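The values are calculated or read from the model by the stated rules, or taken from the named source; none is laboratory data. Predicted model only: the values in this text are computed from it and were never measured. FYI the Cβ positions are ideal-geometry reconstructions off the backbone, even for glycines, and counts take in every protein chain you see. Only protein heavy atoms, including side chains, enter the accessible area calculation; ligands, DNA and RNA are left aside. Shrake-Rupley method; radii C 1.70, N 1.55, O 1.52, S 1.80 Å.
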Amino acid sequence: PLSSVPPTVALAAAVLLLVVLVAVAPGLFTSASPTATDPLAALRGPGAHHWLGTDQLGRDLFTRILYGARPSLLLGFGATVVSVVLGAAYGLAAALGGRLADRVLMRLADILLALPALLLALLVVTVLGSGTVNVMAAIGIAFVPGYARLVRAEAMVVLRSGYIESAVALGLPRRQVVLRHILPNALAPLLTLATVGFGTALISASGLSFLGLGPAAPSPEWGALLASGRDFLQTAWWIGVFPGAAVTLTVIAVNVVGRHAQQRFTRRSSR
């Protein structure tokens, strides 16, 4: 029930819904163009005409942050989808492939987990090249080992359960057992964890964009906005501070909602 939702979680959910609405329809919140330049208004501080100030080309920062929500969220969401799909396939392959496959795949996952995710993503981007799709793939691949271990652990628990043994004894095809029983039970905790993982993917995507590996200019993606403001921190602090605040606020909202969902799932599964 809604009455049992803590106020902080309700506030975080409201912030997250607002960010999603901005990403879907930024035109509802501003009529200005995110790429319109005005050299005479360059580097103006926050005021009545430009609520969050302007950048070095006179572009309205408030408008650019609003229009930057869509590419930023798409990067994080796309990376999360890639990591969930590949992680689920990897974990199931380890759980169902036999003892040798399990040992080999899990040792490889341990090696990848020993590397920082952002460093691994940078390595993948170096191989694939920069760009939106490649950044999604790189971040997704970097987070595959964590999801794979979770799916493998859940699948092993399900495989040892009595109803799976009964289904196999009754002659139910292996594919049907996997799709009907193992996969749904293994994916439930994975999707809950993916909610929290989305926030981490969003930070990683902003980090790669900050390094110039994300969407090409003049895309107002939040990480790219942060990068454009690093040379003006002393003279025009708002160019870097407000995009950073947008990333931080969104990630906090995602983490609060995700942790709450994770706790509810844990309590429900332990009953």
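Counting only protein heavy atoms, what percent of the accessible surface of the chain is carbon or sulfur at a 1.4 Å probe?
Taking all protein chains in place, the chain shows 68 percent carbon and sulfur surface.
Just how much of R152 is accessible, in Å², when a 1.4 Å probe is used and the result is rounded to the nearest 10?
It works out to around 60 Å².
Around A186, what is the net charge, scoring Lys/Arg as +1 and Asp/Glu as -1 over all other residues with Cβ under 14 Å from its Cβ?
+3
Need the full-extension length gain, S4 to D38, defined as separation in residues times 0.36 nm minus the C-alpha distance. One decimal, nm.
Length gained, S4 through D38: 7.3 nm.
Any idea how far the Cα center of region 210-271 sits from the one of region 65-109, in Å?
Spelled out, the Cα-based centre of one part sits 21 Å from the other.
Rounded to the nearest 0.05, what FRET efficiency is calculated for Q176 and L113 with R0 set to 35 Å and r the Cβ-Cβ distance?
For R0 = 35 Å, the calculated efficiency reads 0.60.
Ranked by accessible surface with a 1.4 Å probe, highest first, in what order do L11, L183 come?
Highest to lowest solvent-accessible surface, that is L11, L183.
Sort all Cα-Cα distances of region 140-258 into consecutive 5 angstrom bins from zero, then give the percent of pairs in each bin up to the one containing the longest distance.
With a bin width of 5 Å, the distribution comes to 2, 10, 15, 14, 12, 10, 8, 7, 6, 5, 4, 3, 1, 1, 0.
Compute the distance in nm between two label points, each set 7 Å from the Cα along the Cα-to-Cβ direction, one at V24 and one at L57.
Once both label points are built, they end up 3.0 nm from each other.
Using helices alone, what [θ] at 222 nm do you get for the chain, with -39,500 (n - 2.57) per DSSP H run of 4 or more residues, divided over all residues and rounded to the nearest 500?
Roughly -23500 deg cm²/dmol at 222 nm, from the helical runs in the chain.
Leaving out ligands and nucleic acids, note down the accessible area per residue over the chain with a 1.4 angstrom probe, in whole Å².
Accessible area per residue: 52 Å².
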